Amino acid sequence: MLEVFELQCFIQNYLWGKKGFASEVSRLSLAGQHIDSIDEKQLYAELWMGALHKSPSLVKSSGQKLSDWIKSNNEALGEKSRLQFGDELPFLMKVLSINSALSIQVHPSKDYAEELHKQYPELYQDSNHKPEMAIALSHFEGLCGFRPYSEIRFFLEEIPELQIIVGYDLIEQFKKDTTNSQYLLKDIFYKLMTSEKGIISQNISSHKKKLQSLCDEKKNVFLAKLFNQLDCWFPNDVGCFCIYFLNYIQLSPGQAIYLGANEPHAYIYGDCIECMACSDNVVRAGLTPKYIDVKTLCRVLNFNGAPAESKLFSGVQENSYTTVFRPPVPDFAVACIKVPADNIYELLKRDVASIIIVVHGQGKITAPQDLILSTGKVFMIPANVIIQIHVGFESLELYQAFVNL
């Protein structure tokens with residue numbers, strides 16, 4: 001019978017990460033012995049847990065790549081997972097620590113991904129979709145989905161700079177023709193994204209000056225702090241104006257958002273657990289020095305308007321200690337498990353493989369073998385293995401990612 005084993009995982013030091021000890025990624029990585037020390041000048045953005053070819057986790061006891069271990073022990077994945085996804089782990093779990101905004105982006109659906117990969121393999125290097133889910137570990141900010149059309153109309157009416165960029169006629173159509181809002185918004189967004197950089201720069205400068213003159217209440221309405229912060233990170237970037245089209249969402253710890261195919265989004269600040277399907281397909285829309293494929297972007301984007309609260313993704317209680325987040329895709333689900341101090345808890349049996357990370361506290365696995373659970377440690381649990389956890393004087397919090405079948 002296959003047993004639970006510890007993983008050695010790797011960090012990504014992207015420019016948007018938090019620095020030194022301020023990063024949850026660095027804290028968990030040091031505590032879990034994925035790194036030996038923290039460099040206060042280094043940026044710690046992501047901790048990867050999985051078998052993705054770019055940076056696969058290692059079996060800690062042997063140094064073997066998890067992807068290679070799975071090839072030799074494919075029964076660990078579980079029969080249902082193997083039937084759906086073959087002999088590969090189809091998800092990647094991460095911890096993210098974000099100090100400055102990631103690009104506004106969208107991930108194509110499976111059908112679009114296959115088409116884009118076939119047509120432009122240099123830009124879209126695989127044929128898979130890339131749904132994602134983020135569960136906040138701290139105060140978390142992001143952009144997600146288009147605002148209700150009424151909110152977008154308000155900003156278009158009240159911000160002269162957007163009127164100059166987009167054009168009065170198109171905005172008037174959007175205001176009056178409510179039966180074709182989705183198509184008119186697509187035309188408006190395309191006009192914004194294809195405007196000359198000089199025009200965008202000039203109007204960002206003009207809008208910033210007007211924001212400075214507003215009272216505090218009006219500054220909040222027009223998201224002055226966010227606009228100025230984004231312009232500080234990405235000067236004169238068209239993405240700064242996207243905050244008037246996309247929902248600005250703030251999550252408390254434990255709250256989640258699910259980012260399905262064709263949903264525009266950007267993480268702005270905070271720490272989270274993220275789980276995603278294994279893919280690198282990203283179509284960027286702003287807040288980035290990288291290539292923006294506007295034609296593809298506007299082709300795949302979901303232009304439906306919806307309120308910010310509709311973007312929250314709720315978990316379901318599996319038992320008194322476990323909340324599971326099951327998105328509408330088979331690639332992954334994530335369970336948040338919180339066990340109070342001085343308890344013995346049997347982890348729910350999964351008939352698929354899973355990966356767990358301890359984010360707080362400590363305990364001990366006593367079945368099927370003895371292992372110490374402590375902050376930052378990551379473990380691979382083969383399918384159908386039953387685990388009993390003894391929690392001592394300190395409560396235990398961990399996240400478990402697995403195939404959603």
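A Cβ distance below 7 Å, combined with a sequence gap of six or more or placement on separate chains, defines the contacts here; from the range 161-172, residues that are farther than 20 Å from F222 by Cα reach residues that are open to solvent by less than 10 Å² (accessible area, probe 1.4 Å) in the pairs L170/I188.
Hey, could you check the range 176-197 for residues that are among the β-branched types (V, I, T) and in a helix (DSSP H, G or I) and say which is surrounded by the fewest Cβ atoms within 10 Å (Cβ to Cβ)? Checked the range 176-197; the qualifying residue surrounded by the fewest Cβ atoms within 10 Å (Cβ to Cβ) is T179.
Are there any pairs, at least 6 apart or on different chains, whose C-beta atoms fall under 6 Å, with the first in the range 136-149 and farther than 18 Å from N262 by Cα and open to solvent by 20 Å² or more (accessible area, probe 1.4 Å) and the second assigned to a strand (DSSP E or B) and among the β-branched types (V, I, T), and if so, which? Every condition considered, the pairs that remain are E141/I268.
For Y244, the stated conditions do not hold, so it cannot be described as aromatic (F, W, Y) and either open to solvent by 10 Å² or more (accessible area, probe 1.4 Å) or touching a Cys at 6+ places or on another chain (Cβ under 7 Å) (or both).
Among the residues of the range 328-344, is there at least one that is free of Cβ contacts under 8 Å to residues at least 40 places away in the same chain, surrounded by fewer than 19 Cβ atoms within 10 Å (Cβ to Cβ) and basic (K, R)? The answer is no, given that none of the residues of the range 328-344 is free of Cβ contacts under 8 Å to residues at least 40 places away in the same chain, surrounded by fewer than 19 Cβ atoms within 10 Å (Cβ to Cβ) and basic (K, R).
Would you please name the residue that is modelled with the highest pLDDT, looking only at residues in the range 360-384 that are hydrophobic (A, V, I, L, M, F, W, C) and open to solvent by 10 Å² or more (accessible area, probe 1.4 Å)? For the range 360-384, the residue satisfying everything is A383.
Of all positions in the range 54-65, at least one carries a residue that is open to solvent by 20 Å² or more (accessible area, probe 1.4 Å), hydroxyl-bearing (S, T, Y), farther than 13 Å from I355 by Cβ and free of Cβ contacts under 8 Å to residues at least 40 places away in the same chain. Counting only strands (runs of 3 or more DSSP E) that fall entirely inside the range 313-405 and contain at least 1 residues that are polar (S, T, N, Q) and touching a Ser or Thr at 6+ places or on another chain (Cβ under 7 Å), the qualifying elements are 362-367, 388-391, 396-402.
Of all residue pairs spaced 6 or more apart or on separate chains, those with beta-carbon atoms under 6 Å, a first member in the range 274-299 that is under 25 Å from Y183 (Cβ atoms) and a second member that is acidic (D, E) and assigned to a loop (DSSP other than H, G, I, E, B) are V283/D293; G286/D237.
Taking the criterion of being part of a loop (DSSP other than H, G, I, E, B), closer than 21 Å to A335 by Cα and among the aliphatic types (A, V, I, L, M), the only residue of the range 66-121 that qualifies is L89.
The values are calculated or read from the model by the stated rules, or taken from the named source; none is laboratory data. As the structure is a prediction and not an experimental result, all values here were calculated from the model. In this analysis, Cβ positions are derived from the backbone assuming ideal geometry, glycine residues included, and neighbour counts consider all displayed protein chains. Remember, those area values only see protein heavy atoms, side chains included, never the ligands or the DNA or RNA. Shrake-Rupley method; radii C 1.70, N 1.55, O 1.52, S 1.80 Å.
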